[in-house]
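What follows is a single structure, written as structure tokens, with notes after it.
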Amino acid sequence: MEETLRRKGLMAGALFASLLLSGCAGNGDGTEPPQTSASAESSTLETSSARTGPAKSLDLSDACSIVTEAQWKELGGDQPPNARESNGKPGCNYEAGESGSDGGWNVFVAADTARNLKQFVDTSPNAETTEVAGYPAAQVGTTGTNCIVVVDVADQGSLFINGLTRSTNPNPCDLSKQFAEAAIQNLPDA
């Protein structure tokens, strides 16, 4: 019995690590998934006209300054942030829970200067439109434990958040949106 639980814990930890390392975006090789009819219908999203908040600057000298220590701790983070790159986007990881434990999460936040919201929607099957802090956004959750949220905060680029949880609690889309709201507060106006 104890050995079975240990194996399940190791398998869950390995799955979480592989999802984290792959960035949970695209096809794992840095490419985006092919466009489907659902994403084609969503591509009519107008990015700059629907924005009610001011355009933000995506020029950051420190990728981990996008969410402050007080903010990530308030959201439940319990490990120091870690600057890293995911699919060509420099950003920062925020984490809660020890590796291999039943609970916990990882949220990657990046100022994506290469792709705007419309481009994300056009290349992401099943993207759902939403709003974060007065800014148009889209989200894609594929497994119940991961959720990518892209927010139209800039004329040239977007705010990219990829949330992974080890279980469905917390909800990965809610967690990603909370980190998006925190980041928006810290991005300077353009």
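The values are calculated or read from the model by the stated rules, or taken from the named source; none is laboratory data. All values reported here derive from a predicted model rather than from experimental measurement. Here the Cβ positions follow ideal geometry from the backbone for every residue, glycine too, while neighbour counts run over all protein chains shown. Only protein heavy atoms, including side chains, enter the accessible area calculation; ligands, DNA and RNA are left aside. Shrake-Rupley method; radii C 1.70, N 1.55, O 1.52, S 1.80 Å.
Just need a number here: residues in the stretch 96-115 that are open to solvent by 40 Å² or more (accessible area, probe 1.4 Å), of a type outside the set (S, T, Y) and either closer than 16 Å to I161 by Cβ or assigned to a helix (DSSP H, G or I) (or both).
Adding up the residues that qualify gives 1.
Quick check on this structure: which one of A127, A137 is of a type in the set (A, V, I, L, M) and farther than 21 Å from N186 by Cα?
The unique qualifying residue is A127.
Is it fair to say A63 is farther than 18 Å from N171 by Cβ and under 16 Å from the mean Cα position of the chain (by Cα)?
Values: farther than 18 Å from N171 by Cβ: yes; under 16 Å from the mean Cα position of the chain (by Cα): yes.
Taking the combined requirement at face value, the residue satisfies it.
Would you pick out the residues in the stretch 117-136 that are touching a residue at least 60 places away in the same chain (Cβ under 8 Å) and either open to solvent by less than 40 Å² (accessible area, probe 1.4 Å) or under 18 Å from L75 (Cβ atoms) (or both)?
Passing the criteria: L117, V121, D122, S124, P125, A127, A133, G134, Y135, P136.
What are the residues in the stretch 81-106 that are in contact (Cβ under 8 Å) with a residue 60 or more places away in the chain and closer than 17 Å to N171 by Cβ, if any?
Those that are in contact (Cβ under 8 Å) with a residue 60 or more places away in the chain and closer than 17 Å to N171 by Cβ: Y94, G97, D102, G103, G104, W105, N106.
Can you tell me which condition A50 does not meet? The list is (1) at pLDDT below 50; (2) among the aliphatic types (A, V, I, L, M); (3) closer than 18 Å to Q119 by Cα, and all the others hold.
(1)
Any chance you could count how many residues in the stretch 137-183 are in contact (Cβ under 8 Å) with a residue 40 or more places away in the chain, out of contact with any Pro (no Cβ under 8 Å at 6 or more places or on another chain) and surrounded by 20 or more Cβ atoms within 10 Å (Cβ to Cβ)?
So the count comes out to 21.
Any idea which of (1) among the charged types (D, E, K, R); (2) within 15 Å of the chain's Cα centre (by Cα); (3) buried (at least 18 other Cβ atoms within 10 Å of the Cβ) is the one R84 doesn't satisfy?
(3)
Could you tell me whether any residue of the stretch 124-144 is under 12 Å from the mean Cα position of the chain (by Cα) and part of a loop (DSSP other than H, G, I, E, B)? Full working, then the answer.
Taking the stretch 124-144 first, the residues under 12 Å from the mean Cα position of the chain (by Cα) are 137-141.
Narrowing further to those that are part of a loop (DSSP other than H, G, I, E, B): 141.
Yes, there is a match, as at least one residue in the stretch 124-144 is under 12 Å from the mean Cα position of the chain (by Cα) and part of a loop (DSSP other than H, G, I, E, B).
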